[in-house]
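Engineer: Sharing a structure below in structure tokens format, with a few things to ask.
Derivation of every value follows stated rules applied to the coordinates shown; laboratory data play no part. Predicted model only: the values in this text are computed from it and were never measured. Here the Cβ is made from the backbone with ideal geometry for all residues, glycine too, and neighbour counts use every protein chain on show.
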Amino acid sequence: MTDGALSDRDTAVMDSAMGQPDGKDEVAALRERVAELEVELDAERDTNQQLRQDLANVANRVSDLEAAVEGGDQITGSTQLERYSSLDGDLEEKLSASERRAVAIYELWPELSMEDGEGRWYVDTKRNSTAKYQPNRTKRKLEQDLDEDLHWEQVYRAMKRLAELSGGEAAVDQHGRKHVTGGEWEYHEKTSPDNTDHTTYKLLVEVGE
């Protein structure tokens with residue numbers, strides 16, 4: 001409800017209440033409906049707030065890129081990820097933290113990624129007892145390159161952001177797991193392949209154009 005109009009259901013309940021001498025049941029129903037509408041309005045406020053925040057983020061990115069162009073940076077590349085990677089100077093002034101880390105993963109990809117046996121290269125956060133640095137290899141490399149301590153959640157956000165910047169769109173599946181598909185990289189939240197537990201791991205895979 002965004003225009004203040006009553007729904008058919010609301011009108012029917014009110015008409016019923018007005019036509020009854022006692023109307024206790026109808027009053028109770030109206031009170032219940034008021035509570036439902038308050039919840040709906042709160043949800044709309046949250047949605048509008050998120051939209052305003054998203055708009056502000058986009059506006060900030062445009063301003064950053066305009067400043068970069070005016071400052072003489074050469075911005076090249078077909079995707080936003082490639083264009084961000086081509087920026088010169090202090091990226092902290094031009095990109096968000098997740099964007100900077102996404103660019104770092106992109107630039108470190110040859111060192112970070114592994115081949116899956118089918119010609120695709122990927123990074124994941126699964127534990128691998130046979131690999132010397134797993135599960136800390138990706139995180140350790142990023143920390144060295146960026147010279148900062150990272151929480152795993154920050155690494156996950158950077159992996160997801162890289163897929164978005166490469167042209168992908170985010171979605172959530174029926175199990176509540178996040179995915180980004182449609183770009184040159186894909187991001188997926190997956191469960192353990194042997195189904196021994198319900199924990200998830202993150203996968204970033206290069207799929208090309």
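Engineer: Among all the lysines, which ones have a C-alpha under 17 Å from Lys126's C-alpha, if same-chain residues fewer than 8 places away are not counted?
Structural biologist: Lys139, Lys141, Lys160, Lys178, Lys190, Lys202
Engineer: Can I ask one more? For the range 140-189, which GluC sites (Glu not before Pro) pass both filters: DSSP loop (anything but H, G, I, E, B) and at most 13 other C-beta atoms within 10 Å?
Structural biologist: In loop regions of the range 140-189 (DSSP not H, G, I, E or B), the sparsely surrounded GluC sites (Glu not before Pro) are Glu148.
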